[in-house]
Amino acid sequence: MPAAKVVFGSVTAVLLAATWFLVAQWIPDMQVALSPAITDFEVLAERMNVRNLVAVVYLGPRVLDTFLEVNVVILTVFGMKFIRSTS
Amino acid sequence: MDLRESAILHITVGILFPFIAMFGFYLTSYGANFPGGGFQAGVVFGTVVVVVELVFNRRIFSNLFYMRLEYAGVVFLFVSLVGGYVMTGYLFSGFYGITSESPMFSSVFLWLLNLAIYCEVAGSLVLVYRHLIEWKGQEPYAGG
């Protein structure tokens with residue numbers, strides 16, 4: 001195994017271990033801070049009669065993003081068809 | 001030995017296929033109230049179809065079926081986008097008020113949106129796989 005690979009692997013391992021140690025030290029003092037916007041989504045969820053807040057955001061205020069994201073998948077299919085037809 | 005001849009793969013995939021397909025539909029149906037959603041469910045279904053096609057070396061429905069599935073999802077999304085705008089002046093916004101007591105249809109419109117995304121993603125995933133597997137393009141950088 002080349003020396004550079006060993007050094008890179010060792011540095012990565014040390015960094016990961018240090019990160020783990022810091023997180024372990026930090027977790028006991030950690031407090032969950034919710035954004036004030038969450039309350040708006042809770043109200044929205046009640047109106048929509050939905051419990052999954054992710055779904056509320058994903059299919060609620062950000063539904064246009066979801067629609068465009070889905071269009072990306074369609075464009076992939078058309079891209080594949082185009083490449084096949086031209087090759 | 002070719003992995004496609006493996007009895008373990010054949011039996012496991014054959015037994016698991018209907019359960020995974022049903023799990024995909026479950027993710028769609030309860031995505032509004034539990035973890036899940038149309039996109040993930042579509043990926044689950046599309047992936048299991050791809051796995052079955054790889055293992056059994058046969059097609060589950062034609063390309064036309066998946067194309068129609070994909071178009072059905074897109075058309076519904078587009079109609080609800082325009083319909084919501086016409087009804088309320090906001091995209092998609094006209095149908096969120098349709099609710100029920102059932103956990104599956106607690107929000108009927110969200111269920112339909114999830115279903116449309118499910119159809120679209122599942123259809124697209126299978127079609128992309130088939131186009132890739134059947135593509136006999138030129139070698140990249142040939143002669144370069």
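Just so it is clear, none of the values below were taken in a lab; they were calculated from the coordinates. Just so you know, these numbers come straight off a predicted model, no measurement behind them. Neighbour counts run over all protein chains shown; Cβ positions are idealised from the backbone, glycine included.
Summing -39500 (n - 2.57) over the DSSP H runs of n ≥ 4 in the protein assembly as shown and dividing by its residue number, what mean residue ellipticity at 222 nm do you reach, to the nearest 500 deg cm²/dmol?
Details: 8 runs with 162 residues, N = 231.
The per-residue figure over the protein assembly as shown is -24000 deg cm²/dmol.
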Using a 10 Å cut-off around each Cβ of peptide A:71-78, what is the average number of partner chain Cβ atoms that fall inside?
6
Calculated P(r) tail over 20 Å for the protein assembly as shown, as whole % of Cα pairs:
70
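So what is the relative contact order of the stretch B:59-144, in percent, for Cα pairs below 8 Å that sit 6 or more residues apart?
Rounded, it is 32 percent for the stretch B:59-144.
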With everything on Cα atoms, drop me the angle between helix B:7-29 and the longest principal axis of chain B, reported from 0 to 90° to the nearest 10.
10
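To the nearest 20 Debye, how big is the dipole of the protein assembly as shown about its Cα centre, given +1 on the beta carbon of each Lys and Arg and -1 on that of each Asp and Glu?
In debye, rounded to 20, the protein assembly as shown gives about 560.
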Report, to one decimal in Å, the Kirkwood hydrodynamic radius for the stretch B:24-116 based on all distinct Cα pairs.
14.6
Principal axis box of chain A, alpha-carbon based, largest edge first, Å
55, 53, 16
